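Take a look at the structure set out below.
The values are calculated or read from the model by the stated rules, or taken from the named source; none is laboratory data. Being a predicted model, the structure only gives us computed values, none of them experimental. For neighbour counting, all protein chains shown are included, and Cβ atoms are generated from backbone atoms with ideal geometry for every residue, glycine included. These area figures cover heavy atoms from the full protein model, side chains too; ligands, DNA and RNA do not enter into them. Shrake-Rupley method; radii C 1.70, N 1.55, O 1.52, S 1.80 Å.
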Amino acid sequence: MEEMGLTCEGRLQREKLRLQAAEWFEEGIAQAEIARRLGASRQAVHVWHKKWKNGGTQALRSSGPWGRRPLVSEDEFTQVAEALKQGPAAHGFTGGVWTLARIRRVIKEATGAEYTSPSGVWRLLKRHGWSRQTPTRRAYERDEKAVMTWRSEVWPQVKPQPSTAEQ
């Protein structure tokens, strides 16, 4: 796990803010003004100031990622990403849709890392900037007339009615 869920670049950016704050602490600039300049909360700047007073500028440097090491390293994720770009069919799946369960299997095959839940797979993807995708176009087989008929005639009949407590 990375510092506050940040990537390496994010940690470096945060460290840069703290080091800038340290320069301003040395100049005697008020904590509230530093918070305003950096777009940080006053509480965060107060914590930084306390660390700076006790340990100097070095105390504000990033200590690197903390917590449990990720199951999949950066290099391994590159392998996973390449495998995912090949598409589901290249890995024996029917249909052109990736699911978290399918991605979990590809991760296991590519890296040996075994995620026990889909949420772990989702966090891994999210941490690397991947997002849930939706089709860019409607299905070729879609029947617009049937969809409109269902929406106007069938849905109003089967639509759940609010309970009396909700009204």
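At a glance:
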item	result
For region 27-105, accessible area per residue (1.4 Å probe, heavy atoms of protein chains only), Å²	69
Span from the region 53-109 Cα centroid across to the region 115-162 one, whole angstrom	25
Accessible-area composition of region 85-165, carbon plus sulfur, in percent [1.4 Å probe]	55
With every protein chain in place, region 5-50: carbon and sulfur % of accessible area (1.4 Å)	50
Unit charges at the beta carbon, dipole of region 49-167: most positive-side option, THR94, SER73, ASN54	ASN54
The chain: most fluctuating residue of THR57, THR94, THR149 per GNM, C-alpha cutoff 10 Å	THR149
Which label in (1) -0.76, -0.80, -1.12; (2) -0.48, -0.58, -1.35; (3) -0.46, -0.56, -1.59 gives the computed log10 I(q)/I(0) by the Debye sum over Cα atoms at q = 0.11, 0.12, 0.19 Å⁻¹	(1)
Rounded D (µm²/s) - region 81-134, Kirkwood Rh over Cα pairs, Stokes-Einstein at 20 °C, 1.002 mPa s	188
Farthest positive-ward along region 1-148 dipole, Cα basis, beta-carbon charges - from SER131, VAL121, SER41	SER41
